[in-house]
Structure formats: structure tokens, C-alpha cells
Amino acid sequence: MSKPIPIGYALANLPRYTSYPTAPHFGPLGDAEYRGWLAGIRPEHPLSLYLHIPYCASLCWYCGCHTTVTRNEGRIARYGAALLREAALLQAALPAHAGVAAIHLGGGTPSTLGAAGLRTLLAGLRGTFGIRPDAELAIELDPRVLDEEIVAALAEGGITRASFGVQDIDPAVQRRIGRTQPQETVARGIGWLRAAGIRGINLDLMYGLPGQTGAQVAATARFAAQLGADRVAVFGYAHVPWMKPHQNAIHTEDLPGALERLRQAETAEQVLVAAGYEAIGLDHFARPEDPIAAAARGGALRRNFQGYTTDAAPVLLGMGTSSIGGIEAAGYAQNEPNERRWVAAVEAGTLPIRRGRAVTAEDRLRRHCIERVMCDFALDLAALPPALVAEVRPALAALEADGLLDLTPDLLRVTDAGRRHVRHVAACFDAYLGTGAGRHSAAV
């Protein structure tokens with residue numbers, strides 16, 4: 001029997017490694033430099049689009065997203081028009097490319113655009129970019145504000161996958177996080193989506209919430225499985241009130257400790273695996289027939305700002321306030337987060353880039369190592385430069401001594417017990433960790 005992993009690993013704060021270098025290490029970046037990056041895109045490169053819609057009808061206290069509460073229809077309509085203006089600016093700056101392979105609408109709550117706004121946006125994107133026939137079009141939805149008219153607009157626009165935030169089904173936990181959402185509301189929304197032909201259903205759950213118990217986590221995981229979700233993500237609540245002041249509504253003393261968080265994560269995994277799901281990476285689960293499960297089995301799983309994905313496009317274009325895109329060969333670019341400044345820049349015909357990070361050859365090598373560790377729980381050390389292996393081996397050996405991984409001269413493999421702590425393994429390849437002013441969430 002393997003020895004237990006020391007609890008200190010669960011207490012540490014580390015990046016989620018949805019990029020490398022990570023966002024705290026971004027610096028100033030402008031229109032001209034970004035246009036230079038775009039010009040380097042090759043004809044065989046497919047594109048992926050991420051559009052951020054930063055509005056919600058109400059603010060959930062646990063939320064770590066860039067969002068704001070509004071019901072101002074004029075403001076929302078102007079934002080939707082600006083998104084299409086930004087799309088046109090990007091397309092004009094692009095050389096020949098291989099078309100759009102994926103679109104993701106995130107937020108916030110993208111459905112705040114309304115049925116008419118969603119129809120206009122999706123049709124506009126289709127008219128601006130060449131969207132490939134096999135493209136995946138995904139959207140994040142709040143089942144509390146979903147209706148059949150919006151679902152019809154999504155189906156007409158070609159949406160193929162939808163994600164619902166469930167978090168926890170227990171009313172007591174919901175009251176503590178400012179999000180009351182009956183189970184019937186979630187089930188009804190999924191029924192509407194499936195009836196409209198939107199078959200890909202993702203459900204997002206959370207552990208580590210205030211007052212939450214392992215029994216509540218288990219019940220929520222069973223609920224997700226009973227609804228037949230294709231994919232389930234189980235995220236640990238990140239309490240970062242220094243970044244998101246509204247999280248101060250959650251009392252720190254009500255939050256589970258590190259050991260309880262670890263047990264809750266393990267409980268969710270046990271329930272979902274017993275229900276027939278395959279564990280994908282750090283915190284995702286999927287039906288065996290789902291494309292992301294096939295990608296994980298085949299070593300083709302990827303990781304980007306949306307988490308684990310099948311999207312292998314080397315170009316991710318971000319649109320909307322605060323959105324982050326990335327060009328594998330060049331670097332990362334983040335849009336202006338201030339809505340008024342973002343709209344003004346777009347309406348003036350300027351790409352609204354605020355900050356970013358060019359990547360070096362060494363960054364790309366380390367990014368590869370981090371992504372494969374996060375996705376495959378293994379890394380071929382023999383394929384890496386000997387100098388890099390020599391640099392990281394002492395740190396890897398320390399993790400091996402604590403049971404997180406098995407190490408040979410040619411191979412790193414994360415143990416079953418170490419998978420929950422894989423961010424520690426990825427961090428061994430992070431040359432920037434501990435530099436700069438970035439603060440990170442709990443590793444479990």
C-alpha cells in the first residue's frame with residue numbers, strides 16, 4: 001500500500017496552469033505588436049474563438065470570473081455590436097487561415113444578450129469567419145435565466161455543447177453562496193437543450209464551498225450522473241477575496257479545511273467513476289464515448305483558458321472585455337478589462353489589447369512539459385534537453401520521495417495518489433514561479 005501524501009501539498013497555493021507563462025507574468029502589449037503576431041498565422045492553422053460576455057442578472061458570491069450585474073438592454077446591445085466589430089477587426093488583420101474549428105461563449109452569462117442578440121452574434125461570426133463544418137460551438141449557461149426562446153436561438157445558431165453551473169444541489173449550501181437553484185430548474189433546462197438538438201451537456205460542480213460536506217458533494221455528483229451529463233467538471237472553490245471583493249460575503253470560517261477539501265474531491269471522483277465516467281486530467285470526468293475521453297486515452301488532450309479541451313487549434317482569439325487569447329508560436333494577449341475603454345477602442349478601429357506575453361523557445365518547451373503533465377500524468381524525459389532534465393530532477397525526486405510520482409531516467413509518471421496534486425509536478429517546470437506579485441488558489 002502506498003503511503004499517504006503529506007497534507008502540506010494540499011495547503012500550498014499554485015497556478016492552475018491554463019497557460020504558461022501564467023497570467024500574473026503578463027505585461028503591457030498593444031495593437032501593433034499583436035497585429036504582428038496575427039500576421040504570422042499560417043494558411044494551415046485553424047482558429048479557435050473565445051468571446052466573453054461579462055453580464056449576469058445577479059452576482060454569485062463564489063464567482064471568480066470577470067463579470068458585472070446589469071439589466072440595461074441598451075448597454076448589452078452595444079456590447080454585442082462591439083463584439084462583432086472586434087471580430088471584423090480581427091478578420092481584417094488575419095492572413096489566410098484554415099477556418100474556425102471551435103467557438104466558446106463564456107462569461108458572465110452569455111444568454112444575457114437575449115435570443116435576438118444571440119442570433120445576431122452567431123450569424124455575424126459565421127459571416128465574418130469561415131466556420132468549419134465539424135466545428136464545436138459551445139456556450140456557458142445559467143439555467144435560472146434560460147428559456148425556450150433562447151434555446152431555439154442557440155440551436156439555430158449551431159451551438160453543439162452547453163455548460164450549466166450546478167455547484168451544489170443542497171439549498172443550505174446554495175444560500176451560503178448566493179445562488180438558489182432548484183434541481184428541477186437544471187433538469188428542465190437540459191430537457192430543452194436536448195429537445196432542440198443540442199446534445200453535448202456539461203455540468204460544473206464545486207467542492208470546498210462554505211458549510212459543504214462530503215455527503216452533499218456526493219449527492220450533487222449523483223445528480224449530475226443521473227441527468228446523463230456527457231462531461232462533469234468538479235472544481236475546488238478558489239477563495240480569492242483580494243482579487244474578487246464580493247467573495248467577502250463568504251465567511252472564511254465556514255470554508256472546509258485542506259483535508260476536508262481533499263476528501264470532498266475524492267468523494268466526487270468515486271461517485272462519478274462508479275457511475276461510469278472516466279477521470280480526465282485533474283478535475284474533469286466524461287462518458288467513455290465522449291470525444292474528450294477519447295482524446296485523453298489517445299494522448300491528445302489539451303489544456304487552455306477554458307480548462308481541459310479537445311481543441312487543438314494553434315490560434316485562440318479572445319474577444320470581449322478581459323478575454324485572453326493565445327498564438328502558440330508567438331504569445332498570449334489579453335483584452336482591455338474596462339468595458340468603456342474596450343468599447344471605445346473597438347469603435348475607433350483599434351484591437352483592444354491591454355497586456356500579454358511573448359513566448360520564447362524555452363517558454364514553449366516548458367509549456368509543453370506542463371501541459372503533458374497536466375493532461376497525461378506522464379512525461380517522456382528522454383525527449384527533453386538534458387540540461388532541463390538535470391535542472392528539474394532534484395525537485396521531481398523530492399516529489400517521488402513523498403509518493404507523488406515515479407521517476408526513471410527516461411520517464412516521469414504521476415502516481416494514482418499523486419494525481420490530485422499534479423499541479424506540484426507541473427510547477428517543477430515553471431521557471432517563473434515565485435517571481436512577480438501573483439497570488440494563486442489552493443492546489444486542491
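Within the group Thr360, Thr321, which residue is more than 17 Å from the chain's Cα centre (by Cα) and of a type in the set (Val, Ile, Thr)? It would help to see each step written out before you state the result.
On the way: Thr321 fails: more than 17 Å from the chain's Cα centre (by Cα).
The conditions single out Thr360.
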Completion exercise
(1) crowded, with 22+ Cβ neighbours inside 10 Å; (2) among the β-branched types (Val, Ile, Thr); (3) within 27 Å of Ala344 (Cβ to Cβ) all hold for Val151 apart from (3)
Completion exercise
Among (1) at negative phi; (2) of a type outside the set (Phe, Trp, Tyr); (3) surrounded by fewer than 20 Cβ atoms within 10 Å (Cβ to Cβ); (4) assigned by TED's automatic domain parsing to the domain that holds Leu259, Gly114 falls short only on (1)
Practice task
Only residues in region 1-24 that are basic (Lys, Arg) count as the first member; pair them with residues that are surrounded by fewer than 20 Cβ atoms within 10 Å (Cβ to Cβ), Cβ under 9 angstrom, at least 6 apart or cross-chain, and list the lot.
Solution key: Lys3/Asp402; Lys3/Gly403; Lys3/Ala417; Arg16/Ala238; Arg16/Gly307; Arg16/His440; Arg16/Ser441
Fill in the blank from the handout: Per the filter on region 30-63, residues farther than 29 Å from Thr109 by Cα, under 25 Å from the mean Cα position of the chain (by Cα) and either in a loop (DSSP other than H, G, I, E, B) or not assigned by TED's automatic domain parsing to the domain that holds Phe129 (or both) are Ile41, His45
Handout entry: All positions within region 171-185 that are surrounded by 19 or more Cβ atoms within 10 Å (Cβ to Cβ) and out of contact with any strand residue (DSSP E or B) (no Cβ under 9 Å at 6 or more places or on another chain)
Key = Arg176
Completion exercise
The condition of being loosely packed, with under 15 Cβ neighbours inside 10 Å, modelled with pLDDT of 95 or more and closer than 16 Å to Gln334 by Cβ holds, among Pro54, Pro28, Pro21, Pro43, only for Pro28
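Each row is one residue, and each column tells you yes or no for (1) part of a loop (DSSP other than H, G, I, E, B); (2) over 18 Å from Cys65 (Cα atoms); (3) among the hydroxyl-bearing types (Ser, Thr, Tyr).
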| position | (1), (2), (3) |
| --- | --- |
| Ala329 | yes, yes, no |
| Tyr332 | no, yes, yes |
| Val343 | no, yes, no |
| Val346 | no, yes, no |
| Gly356 | no, yes, no |
| Arg364 | no, yes, no |
Practice task
Would you check if Arg71 is assigned to a helix (DSSP H, G or I) and surrounded by fewer than 17 Cβ atoms within 10 Å (Cβ to Cβ)?
Solution key: no
Practice task
Quickly run through region 1-13 and pick out the residues that are buried (at least 20 other Cβ atoms within 10 Å of the Cβ) and assigned to a loop (DSSP other than H, G, I, E, B).
Solution key: Ile5
Problem - Within region 280-311, considering residues that are assigned to a loop (DSSP other than H, G, I, E, B) and either free of Cβ contacts under 8 Å to residues at least 24 places away in the same chain or assigned by TED's automatic domain parsing to the domain that holds His421 (or both), the one surrounded by the most Cβ atoms within 10 Å (Cβ to Cβ) - result: Ala300
Handout entry: Hits in region 344-382 (condition: under 21 Å from Leu399 (Cα atoms), of a type in the set (A, V, I, L, M) and without any contact (Cβ under 8 Å) to a residue 60 or more places away in the chain)
Key = Val373, Ala378, Leu379, Leu381, Ala382
Fill in the blank from the handout: Among residues of region 429-444 being within 16 Å of Ile5 (Cβ to Cβ) and in a loop (DSSP other than H, G, I, E, B), the residue modelled with the lowest pLDDT is Ala443
Exercise for the section: Taking the options Ala219, Ala225, name whichever one is in the same structural domain as Cys60 (by TED's automatic domain parsing), under 19 Å from Asp283 (Cα atoms), among the small types (Gly, Ala, Ser) and more than 22 Å from the chain's Cα centre (by Cα). Expected result: Ala219
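Condition first: in a helix (DSSP H, G or I), free of Cβ contacts under 8 Å to residues at least 60 places away in the same chain, more than 28 Å from Pro291 (Cα to Cα) and of a type in the set (A, V, I, L, M, F, W, C). Now tell me which residues in region 206-262 satisfy that. Walk me through it before giving the result.
Here is the first cut: in region 206-262, the residues in a helix (DSSP H, G or I) are 214-226, 245-249, 252-254, 258-262.
When the remaining residues are screened for being free of Cβ contacts under 8 Å to residues at least 60 places away in the same chain, the result is 214-226, 245, 248, 252-253, 260.
Filter again for more than 28 Å from Pro291 (Cα to Cα), leaving 214-216, 245, 248, 252-253, 260.
Within region 206-262, Ala215 is the sole residue that qualifies.
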Problem - Residue count for region 411-427, restricted to those that are under 10 Å from Leu379 (Cβ atoms) and assigned to a loop (DSSP other than H, G, I, E, B) - result: 0
Practice task
Would you check which residues across region 117-148 are out of contact with any strand residue (DSSP E or B) (no Cβ under 7 Å at 6 or more places or on another chain), surrounded by 20 or more Cβ atoms within 10 Å (Cβ to Cβ) and within 30 Å of Thr220 (Cβ to Cβ) and list them?
Solution key: Leu118, Leu146
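The values are calculated or read from the model by the stated rules, or taken from the named source; none is laboratory data. Remember, it's a predicted structure, so these values are computed and weren't measured experimentally. In this analysis, Cβ positions are derived from the backbone assuming ideal geometry, glycine residues included, and neighbour counts consider all displayed protein chains.
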